[in-house]
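Data block below; observations after.
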Amino acid sequence: MIRRAALGLVAVFAGWAPPAAATTPPTTPASTPASTPWVRIELPGGLSPASLTAAGGELWVGGRQTADARPAIAHGGAARWTAVTVQPSTVYGEEADLVHVVEAPDGPHAIGIATGGQHLLPRWTLWAQDPVTHHLVEQPQSFETFGGPSAGGLTDLIATPDGVRILGIWAPNSSWYGTALWSLRAPDWQRDAEPALASTDDLQQLPARVGLLGGRLVIVGTIARFDVGGNPMSQQVVWVQDGAGAWRAVQPRPTGPSSNGVLTDIGCLADTCLAVGGETRTGPSGWHLTLDRVDAAGRVTALTMPEIPFVIGADQPRLAVSETAVAVLSGTDPVLHLLRDRRWTVTARPPGRVLDAEIVDADLYLVIEDSGRRALWRAALGTI
């Protein structure tokens, strides 16, 4: 999903708590089990959605066609949608599922995935808008750009003031898998030199998603320390980039010898990012969802939210943010946790696994996969 610039979460967080108690919620979360008016969106060309991005007051949806499994993309909102012609140029492009989409000043960009080869490994494809035809056109890359023994997968795509960047996992010289970024130096994608994000013999760093905060990148994911006295379990981490491009790793919560944690999604506005994930807690409650805030200065604060179970290995919590609302979805639990006016509410949502979420104007959109079929759902925030 794209992390769009806006006015900030002023209306949501104003008066949340004084600085000395920034993690204390102002009110007790409320529960409203009444049903909500969710509408299933029929997309043009039988598009089976996989990814969302909000830009210019409308929604971009990437995925593949249901009938012939070819890549597909559309944009619009509510009941008005326009399909964009997609032009693949490789065998794997013909079969690509557009799992990451962003809107940049030069138009939409996308990452597609298919499987192939002797071991049925992921085959990544890159896409961009043709400036003349406005079609979404495949950008063929060499196999070694994202494949081979060093490849660990691509996890996100983001538009920055300096161009589109790709976030993924890479093992330089076939060593340890770590966090990597790619930049487009047309027509080729090239991996950037980011040694601070690479894994070492003592530290593994793995990314999930990336956001944009004041023109700087913010990456969420996990780390594990293998040095003497370190914690070999996965732990939550936020990598914050400063104005000079240097990286700083911040762990939002204290960790112990038996703690586990992951961060799985991030949503950013102009002056604030929120990150969602899960962590273990001592006692019978086990895994639960977490919410963290990254401010304009790069400080990371752990926020208090309702107690929500987290199923490790199954859940990929998703997040959608706007100037007035925050939606948190556990991934598998068929409820929606919504923060508005400094107050949490809990309501039902369509069943299935949440793949992506976005807020456009006053509507919340969800991509949900249920029984192997994917669909786009919409609900007006004022009715939830």
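Each value in this text was obtained by applying a stated rule to the coordinates, not by laboratory testing. Just so it is clear, the structure is predicted and the values come from calculations on it, not from any experiment. Because the Cβ atoms are built from the backbone with ideal geometry, glycine has one as well, and the counts that use them run over all protein chains shown.
At-a-glance table
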| item | result |
| --- | --- |
| When residues of region 297-325 are limited to those that are of a type in the set (A, V, I, L, M) and assigned to a strand (DSSP E or B), the one surrounded by the fewest Cβ atoms within 10 Å (Cβ to Cβ) | ALA302 |
| Residue ID - surrounded by the fewest Cβ atoms within 10 Å (Cβ to Cβ), chosen from residues in region 357-384 that are part of a strand (DSSP E or B) and charged (D, E, K, R) | ARG373 |
| All positions within region 147-202 that are surrounded by 19 or more Cβ atoms within 10 Å (Cβ to Cβ) and assigned to a helix (DSSP H, G or I) | LEU197 |
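One line per residue, one yes/no per condition, for (1) surrounded by 15 or more Cβ atoms within 10 Å (Cβ to Cβ); (2) among the hydroxyl-bearing types (Ser, Thr, Tyr); (3) touching a residue at least 24 places away in the same chain (Cβ under 8 Å); (4) outside any loop (DSSP other than H, G, I, E, B):
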residue	(1), (2), (3), (4)
GLN205	yes, no, yes, yes
LEU212	yes, no, yes, yes
GLY221	yes, no, yes, yes
ARG248	no, no, yes, yes
SER258	no, yes, yes, no
VAL262	yes, no, yes, yes
